[in-house]
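Here's the structure, in structure tokens; my notes come after.
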Amino acid sequence: MTLLIARHGQTDWNRLGRWQSRSDVPLNDAGRAQAKGLRDILRARELYPSRIICSPLQRAQETASLLAEDTNVQPETESLLVELNLGEFEGRFEQDIRAADPAAYARWRETCYLEAAPGGESILDVADRIAPFLEVLDDSAGDILVVGHQGVNMAMKAQLSDCFSVECLMAFRQGNDEIDLWDFNPPRSIGRLRTRALA
């Protein structure tokens, strides 16, 4: 089984540098174009997942729906895939948080979510949350496409590889126009698809 791990397309909050996690922000036009571009790449590579599973947030659901176009697969919603909670940083502009306390913000950013934002979750918290989801994935039923978010996707790849170092977490980051490909058993990264047309 190949596990395809997609990040949702761009939102206006992504474009403006505004932190979003649990806020239900929709895709913008660029994000829809990114999802359609990834759909075209999947078709060109003859990658047809037997299941598509997404976060309940609308930016992930819309991305999943666009990726599922022209297939017989109905995206499934999984609450465990909701984004890492950014606590007090939620909805704030990155530049404003940095300006308020540059040293503290820089330290937090350098941990790649190993340290939780004030009132939020760490990457380890999210890895624990999604472990039951990964444990029940059936690797005999064909390829599976998961559509999530930056933090939850990083946690998924860290959990699969058992690598939570800052170096690994940095490598696990994704753009809004990227899908990572993983062998599932044993887990290992086997590539990345990207459009880069409207990133």
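The values are calculated or read from the model by the stated rules, or taken from the named source; none is laboratory data. As the structure is a prediction and not an experimental result, all values here were calculated from the model. Every residue, glycine among them, receives a Cβ derived from its backbone with ideal geometry; neighbour counts consider all protein chains shown.
The helices (runs of 4 or more DSSP H) found entirely in the stretch 116-199 that carry 3 or more residues being touching a residue at least 60 places away in the same chain (Cβ under 8 Å) are 150-161.
Condition (residue is without any contact (Cβ under 8 Å) to a residue 12 or more places away in the chain and under 27 Å from Q159 (Cβ atoms)) applied to the stretch 57-70: is it met by at least one residue?
Step one: list which residues in the stretch 57-70 are without any contact (Cβ under 8 Å) to a residue 12 or more places away in the chain, which gives 65.
From the residues that got through so far, the ones that are under 27 Å from Q159 (Cβ atoms) too are 65.
Yes, because at least one residue in the stretch 57-70 is without any contact (Cβ under 8 Å) to a residue 12 or more places away in the chain and under 27 Å from Q159 (Cβ atoms).
Summed over the stretch 78-110, the residues that are farther than 18 Å from Q20 by Cα and touching a residue at least 24 places away in the same chain (Cβ under 8 Å) give a count of 2.
For S189, the requirement of being of a type in the set (G, A, S) and closer than 25 Å to Q10 by Cα is met. Taking the criterion of being at pLDDT 95 or above, surrounded by fewer than 14 Cβ atoms within 10 Å (Cβ to Cβ) and among the charged types (D, E, K, R), the residues of the stretch 70-91 that qualify are E76, E88.
Quick check on Y113: is it within 13 Å of V146 (Cα to Cα), touching a residue at least 24 places away in the same chain (Cβ under 8 Å), of a type in the set (S, T, Y) and assigned to a loop (DSSP other than H, G, I, E, B)? So Y113 does not fit the description; no.
Which residue, of R188, R194, R129, is out of contact with any strand residue (DSSP E or B) (no Cβ under 6 Å at 6 or more places or on another chain), of a type in the set (K, R), at negative phi and surrounded by 15 or more Cβ atoms within 10 Å (Cβ to Cβ)? On inspection, the qualifying residue turns out to be R129.
Any chance the stretch 148-157 includes a residue that's under 23 Å from S23 (Cβ atoms) and of a type in the set (K, R)? Looking for residues that are under 23 Å from S23 (Cβ atoms) and of a type in the set (K, R), one finds none in the stretch 148-157, hence no.
Yes or no, residue by residue, for (1) charged (D, E, K, R); (2) at pLDDT 95 or above; (3) touching a helix residue (DSSP H, G or I) at 6+ places or on another chain (Cβ under 6 Å):
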{"residue": "G9", "(1), (2), (3)": "no, yes, yes"}
{"residue": "S21", "(1), (2), (3)": "no, yes, no"}
{"residue": "K36", "(1), (2), (3)": "yes, yes, yes"}
{"residue": "I52", "(1), (2), (3)": "no, yes, yes"}
{"residue": "A60", "(1), (2), (3)": "no, yes, no"}
{"residue": "L66", "(1), (2), (3)": "no, yes, yes"}
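Condition check ((1) surrounded by 15 or more Cβ atoms within 10 Å (Cβ to Cβ); (2) of a type outside the set (F, W, Y); (3) closer than 30 Å to E69 by Cα) across all residues:
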position: R107; (1), (2), (3): no, yes, no
position: A116; (1), (2), (3): yes, yes, no
position: G119; (1), (2), (3): no, yes, no
position: E135; (1), (2), (3): no, yes, yes
position: S140; (1), (2), (3): no, yes, yes
position: H149; (1), (2), (3): yes, yes, yes
